[in-house]
Each structure stands twice: as C-alpha cells, then as structure tokens.
Amino acid sequence: MKITVLTYLDDGENSKEYDPVVRQVARTLRRLGHRVSVLGVHGDVKRLVSGLSRRKPELVFNLMEMFGDNVFGDIPVAGLLNLLGLKYTGSGPGELYLSQDKGLTKKLLAFEDILYPRFAVFSRENAFETGGNLRMPLFVKPLRSDASLGIGGKSLVHDPVALMERVNAIAKELDDAALAEEYIEGREFYVGVLGNGPTAKALPPVEIDFTGFPEGVPKVMDSKAKWDERSKEYKGTRSVLATIPDELRARLQKVAVDAYRALRVRDYGRVDIRLTETGEIYVLEVNASCYLERTGEFAMAAAAAGLDYPRLIEQILNLALERYRRRR
C-alpha cells in the first residue's frame, strides 16, 4: 500500500528535523511491505495540499499535532484531509476538538455518568461556566492546550486570589481560557485504548511512579515532569506497568473504554485517570491520536498486551482501513 506519514515541522518549511516517532513509524511501515513517503509541513497550506497531491497516498498515517503557530492546528488539518477525500489514521476534526476542549470533555463524561473532577471555566469571550460547587485546592490549566502547556508549580491554588492570578496568566501567555478543577489526590494511570465503537479494547494500565518527586510539589505531570530532562520533576517520575489486582485493572479499563467511546475517539487514544484512596476513579483527560513513540506509555502498554511495535502500527493501520470499509 502507498502510505504518506504526515508530520509537523517545528523549525519552518525547510527543516529536515522530525520527531523521532516519524522515522519509527515510517521505518516500521516499510518493513511491513508498504511504500512509504514522509511529508513534513510547518504551516504552508499550499505545500500541504501539493505534497499530498503529488504523492497520491492510498492512506495518510497522520502524526500532525499542530500547524503553523496554532497548537490546535491538527483539527483543520484533519478537516482538510476529509475535504481532499483522503483516508487517514486516527481521529477526525470533530473528535479532536471534543478531546481538546476539556470543558466539553467533562460535559460528555457527565452525560455518560463517568466520574470527573468538578470544574469551572474562565473565558474572556463566554460566560462563566461551572460544573458544580468547587472546593479548594484547585488545579488550574488551559482549557484546550495539550502536552502540559501552561501547567507548572503555580497551577495548584489554595485561595481565590491565586486562582485569578493563574487564570489571567493563562489568558495572557497562551491566549486560552482557563479550566479550574478540584485537585484529585491519588495514583495516576494512563490507559491506552485501541479500536472503534463497540470493538474498542483497553490495553494494560501504565502507572506514573512519583516516588522520586520533590517533596512538597503536587504530584502531577506538568511541563517540567514531561519535557525538562534536567529538572527534579522529570528525574523523579517514571512510567511503569501497573501492578494491581485484576479487579482494579478491569475497573480502570472499563472506565477508559467508556470515556473513549463517549468522546467518539477513533482507532487509538489514551485516557488519563486518577484513583483515590477510597477507590473512586476519576477521568482527567482523554487524548485522541496519542503519542506513538516506541518507548512511550502507549507502546509500552501495547507490548504488555502482546503487540510489539510493528504489530501495533499495523493494528492502527488496519483499524483505519476497516473503518473506511464499513463506511462504504
């Protein structure tokens, strides 16, 4: 099959630097016998359209996470792929929008009776929204930005003054509304899900081990813990396959699949969960088309389920193709 791996270029249209996952996916697809090209675009729509037109792929393996300076640019890119009549892996524009707007995510979870932290949305354009009476402390983060952008040491607030300072900082620095949600103390799990609709299945849960986290710092995967390799937060966390009773594993997986279906996620995704000491399971976020790097949490969970990296990539490919066959 003729496949184009589509990706974002951080440093402009002439950059040759790709995220490591791009080469990993392309190499894997070639080893599976496919004819593979890579199309990297920063923010030039004409380049994107002409590049796809020249390649004429039978399927696009979509790894585009943003476009230009727009961190939500993956949404219109998916819409453009639809307009061009191209088949592609992962979620479409609607599903991506639902999972990126954390306020909408919580409303959909509420409709499906899935537990989530109570919240409020602070927006400059729209009226104040609340999902229940809130109790301090609150965790304040951007409404839509992902990859832990805007999340750091000041995100946990204990009084109204600190809350509004954080809300204003998010508006100024990220041009985004702010989401304030009750801070859920407990263990954190990532549960990957593969499949579509009623056939979606959860992978083994991965737990975030905060054992080496600095004392007095909220145990959350903020921007330092995820990206700053020199920080104590980064060095103090690691992802491990969860060692938990079968009954708890089944509960976590059921909640993850329910949340995945509630947001209509396609092909693959990851659900971030907190488990309290009393056994309550809260969904924090649903990540459509999550990161596929071969040492990351999703690939780790897939390997634990018996899917090595080539089989995982092949499975995502087959899920997308089957989805388009059913549509016809």
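General observations
- Bridge type composition, the chain - antiparallel percent by DSSP, nearest 5: 75
- Taking Cβ atoms as reference points and 15 Å as the exclusive limit, the residues near Pro198 contribute a net charge of +3, counting Lys and Arg as +1 and Asp and Glu as -1.
- Förster radius 22 Å - calculated FRET efficiency between Ser53 and Arg27 (Cβ-Cβ, nearest 0.05): 0.30
- Between Glu13 and Asp246, full extension at 0.36 nm per residue minus the direct alpha carbon distance yields a gain of 79.0 nm.
- Max-minus-min Cα coordinates of region 193-328 on each principal axis give 55, 34, 25 Å, with the largest extent listed first.
- The simple Förster model, with R0 at 35 Å and r as the Cβ-Cβ distance, assigns Ala162 and Asp113 a FRET efficiency of 0.60.
- Taking Cα atoms only, the orientation of helix 45-55 departs from the longest principal axis of the chain by about 40 degrees.
- Reachable aspartates and glutamates from Lys232, criterion Cα separation under 18 angstrom, eight or more residues apart if same chain: Asp209, Glu215, Asp222
- Positive-pole candidate from Met64, Thr211, Ala169, dipole of the chain, charges at beta carbon: Met64
- ³J(HN,Hα) computed for each position of region 101-115 - Karplus, 6.51 cos²θ - 1.76 cosθ + 1.60, integer Hz, glycine/proline x: 8, 5, x, 5, 3, 5, 5, 5, 5, 4, 4, 8, 6, 9, 6
- If you run the Gaussian network model on the chain, springs between alpha carbon atoms under 10 Å, then out of Leu241, Leu134, Leu83 the most flexible one is Leu83.
- Near-label residues of region 12-52 by backbone N, under 16 Å of a point 7 Å along Cα→Cβ of Glu229: 18-21
- The chain - charge dipole about Cα centre, Lys and Arg +1 at Cβ, Asp and Glu -1, debye rounded to 20: 1620
- Dipole of the chain, positive direction: furthest Cα of Ala302, Ser123, Val36, with charges on the beta-carbon: Val36
- Taking the Cα centre of region 176-305 as reference, the dipole from Cβ charges on Lys and Arg (+1) and Asp and Glu (-1) amounts to some 500 debye.
- Just the protein heavy atoms count here, and of the accessible area of the chain at 1.4 Å, carbon and sulfur take up 51 percent.
The values are calculated or read from the model by the stated rules, or taken from the named source; none is laboratory data. On a predicted model such as this, the values are computed, not experimentally measured, just so you know. Counting neighbours? That spans all protein chains shown, and the Cβs are built from the backbone with ideal geometry, glycine included. Just so you know, the surface numbers come from the protein's heavy atoms only, side chains and all, with ligands and any DNA or RNA stripped out. Shrake-Rupley method; radii C 1.70, N 1.55, O 1.52, S 1.80 Å.
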